[in-house]
Amino acid sequence: MTDGVQTAWATELKACCAQLYSNDWVKILVGESLHPGGLELTRHLGHLLGLGHGRTLLDVACGPGTSAIWLARELGCEVTGVDYGVGNIASAAQAAANAGLSARVRFLPADSENLPFADCSFDAVICECSFCTFPDKPLAAREIFRVLRPGGRFGMTDVVRSGPLPTELDSLLAWSACITDARPVEEYCSILETCGFEVDLVECHDAALVELVDRVRRRLVGAQLASGLGKLDLPGIDLTAAASLARSAMRAIVGGRLGYALLLAVKS
């Protein structure tokens, strides 16, 4: 693949992911937090990062801003959220204004592989269930390392893979759903350590992934029934493909090929 083709492919992939996660129907299927474990896992991650009053946090691929707003409100930190999707940024900014938190939470459109911040700008960085969708993961990790202050902490939660995945999980939809390019947890650790991070903690949260995929699968079945009865019109949404993906993902989870992990790393 030439550099030009690779760049075009990466741009298309980022745009596809951003469009998918700004879709209101996806929020209905997955939930407002858009990741396994929901805000309970976000709370756990926030405490591990030592967030509190006076601490600055960057939320990379913040989606609709649910985690950023919750962490600012509950833990008192100052949060900047970035996302490739302009629609997500607009929604997040409006949600922060509605919550009366515009003074402590801001949102900017940005690429995770080219963060628009000076070196050593933040005390902590989070990335929830998005790192595996980044086309150039080492570059994104280097950018996160760069904007962290010395001693700063990076916390990520993401889908992890063990062994090869079935061919039906190799598609643009599966990539956008955090499956196709999921990596083994050891590879995530290696990517971070190569940048200079020290990985302090790895936790398994497979049960959160099971719960989310099962909930999505059941809601998709209901949507298919409603669509078949003419009670639901979802233009541009391929319910059959989405339901097939959910079933395949659940089989991969039960078979031990997909899981969910939390990693905590420190910039020394």
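The values are calculated or read from the model by the stated rules, or taken from the named source; none is laboratory data. Keep in mind the model is a prediction, meaning the values are calculated, not measured. Virtual Cβ from ideal backbone geometry, glycine too; neighbours counted across all protein chains shown. In case anyone asks, the SASA skips ligands and DNA or RNA and just uses the protein heavy atoms, side chains included. Shrake-Rupley method; radii C 1.70, N 1.55, O 1.52, S 1.80 Å.
So what are the ³J(HN,Hα) numbers for region 202-215, from phi and the Karplus equation (6.51, -1.76, 1.60; θ = phi - 60°), rounded to whole Hz, Gly and Pro as x?
10, 10, 8, 10, 4, 4, 5, 5, 4, 4, 5, 4, 5, 5
Determine, from the Cβ-Cβ distance of R149 and H47 and an R0 of 22 Å, the FRET efficiency 1/(1 + (r/R0)^6), rounded to the nearest 0.05.
Between R149 and H47 the formula returns 0.70.
What's the extension gain from A118 to A103 if we count 0.36 nm per residue and subtract their Cα-Cα distance?
Answer, rounded to one decimal: 3.3 nm.
Given charges of +1 on the Cβ of Lys and Arg and -1 on the Cβ of Asp and Glu, with all other atoms neutral, how large is the dipole of region 63-177 about its Cα centre, in debye to the nearest 20?
So the magnitude is around 340 debye.
Measure off 7 Å from each Cα along the Cα-to-Cβ vector at A241 and D136, then give the distance between these two points in nanometres to one decimal.
Output for this residue pair reads 2.7 nm.
Determine the share of region 33-165's accessible area contributed by carbon and sulfur atoms, expressed in whole percent, with a 1.4 angstrom probe.
Carbon with sulfur: 51 percent of the solvent-accessible area.
What does the accessible area per residue of region 66-145 come to in Å², with a 1.4 Å probe and no ligands, DNA or RNA counted?
Each residue of region 66-145 exposes 37 Å² on average to a 1.4 Å probe.
Given labels modelled 7 Å from the Cα in the Cβ direction, how far is it in nm from R251 to E211?
About 2.6 nm, to one decimal.
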